[in-house]
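The structure appears right after this line, and notes come after that.
The values are calculated or read from the model by the stated rules, or taken from the named source; none is laboratory data. Everything numeric here is computed off the predicted structure, so don't read it as measured data. Cβ: placed from backbone, ideal geometry, glycine included. Neighbour counts: every protein chain shown. We work out accessible area using only protein heavy atoms, side chains counted, and drop any ligands, DNA or RNA first. Shrake-Rupley method; radii C 1.70, N 1.55, O 1.52, S 1.80 Å.
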Amino acid sequence: MIADRLARPLGSLRVSVTDRCNLRCRYCMPEQEYVWLPKQSILTFEEIARLVEIFTALGVEKVRLTGGEPLLRHDLATLTGMLAKNPAIRDLALTTNGLLLARQADALKLAGLGRVTVSLDTLRPERMQALARSDRHADVLAGIATARRVGFALKLNTVVMRGVNEDELIELVEFARAHQAEVRFIEYMDVGGATGWSTDQVVSQREMLEQLSRHYGTITPVGSGEVAAPAERFRLPDGATFGIVASTTAPFCRTCDRSRLTADGTWFLCLYAERGIDLREPLRRGASDAELSDLIAATWRGRTDRGAEERLGVVNRAPLYQVDGLRADPHREMHTRGG
Ligand code: SAM
Ligand code: SF4
Ligand code: SF4
């Protein structure tokens, strides 16, 4: 087990398999046009599986496939199957917007995927049109239903924005309950991509809890059982549970064991990091597993990142990047880093 300068282990890896997406969520991809990663730079399944093996040999136990929209990557079930053969992975999960989930859920389950998180910001189709420029709300619901039917443990992710969907918290808790899923409300973050972010649109964990307890009564915190879990979990008086990821108002960098590999093999130590480490170049130059492992281990040992905590100290906080900055380096985008 290797640890960084703040004694945080290298525990979990988010693997972005594509920077493309079939939605345009306002908090992530609000622009009309994007600069994409060049096709030839995208890692093959073999390259991804090899890097993941090197990471797991260094202690990574949790791997989450993400994107962009990961289900847009052709034949994702094949990559899932390759990763599922790696015995060091204790938890193999997927984060998806759900549009293509109904038709892929069976194959992913068969391939060995363990858990699925579906992003669901609203239960109202017309709101999805305004929020994500899509009229395919029914496909997301079908994806959720199919994922449950094939037996996946299911979480729902909701980014809560003032004036957009903060009036749907109770309905989303009830929807999750009806689908044997757990909803996690995420505070709107000023990450790359969120060029329209402002503090007044952030609905804080405190406000969410106030709103929910006005309706349900006393809400009790419950442990997640994991030191590095980003979501705080809560229980309603009737026993239903939900989570809140207070990444903006109460960040959890102290216990953060997560890093991110982009689809082109750039490794980021923090969601807010200015630069990543290019693993594709040594990989394609013919570096051995030992060389790649040494590079990853040495880099992690030097890690001091506390991006979200540092953002708390910014006076007149505004979006991390403007459009020009994102175009200059698409690695800064949330849809490239993988959320
Ligand atoms: N496309 C997939 C999806 O939406 O589930 C996976 C990639 S997406 C970048 C991963 C997560 O990042 C989603 O749950 C999304 O809601 C979250 N996200 C993106 N931008 C965000 C922002 N500005 N603030 C908070 N969460 C954000
Ligand atoms: Fe929305 Fe995920 Fe696509 Fe970003 S990557 S626009 S969060 S669906
Ligand atoms: Fe981890 Fe960086 Fe997020 Fe903090 S801001 S929790 S260090 S990824």
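For the options Thr66, Thr18, Thr241, a Gaussian network treatment of the chain with springs between C-alpha atoms closer than 10 Å singles out Thr241 as fluctuating the most.
Which values of log₁₀ I(q)/I(0), to two decimal places, follow from the Debye formula for the stretch 12-153 at q = 0.16, 0.19, 0.20, 0.21 Å⁻¹ with a uniform point scatterer at every Cα? For the stretch 12-153, the Cα-only Debye profile gives -0.86, -1.14, -1.22, -1.29. Round to the nearest 0.05 the FRET efficiency obtained for Thr218 and Ser288 when R0 = 56 Å and r is the Cβ-Cβ distance. About 0.45, to the nearest 0.05. In Å², and per residue, what accessible area does the stretch 1-126 have when probed at 1.4 Å with the other protein chains present? Spelled out: the 1.4 Å probe surface of the stretch 1-126, per residue, equals 42 Å².
Rolling a 1.4 Å probe over the protein heavy atoms of the chain, with every protein chain left in place, gives an accessible area that is 51 percent carbon and sulfur. Axis angle, to the nearest 10 degrees, between helix 289-301 and the longest C-alpha principal axis of the chain: 50 degrees. If you take the alpha carbon atoms of the stretch 1-51 and fit the smallest convex hull around them, that volume is 152 Å³ per residue. Of the whole protein surface, Arg206 contributes about 150 Å² of accessible area at a 1.4 Å probe radius.
With a ≥ b ≥ c the root eigenvalues of the C-alpha gyration tensor of the chain, is it rounded (a/c under 1.5), prolate (a/b larger than b/c) or oblate? Judged from the Cα gyration tensor, the chain comes out rounded (a/c under 1.5). Separation of the stretch 1-27 and the stretch 90-114 by C-alpha centroid, Å? A separation of 18 Å, based on Cα centres.
When peptides 40-50, 243-253 are ranked by their average number of other Cβ atoms within 10 Å per residue, the highest-first order is 243-253, 40-50.
For the chain, the list of Cys residues with no other Cys C-beta under 4.7 Å reads Cys21, Cys253, Cys256, Cys270.
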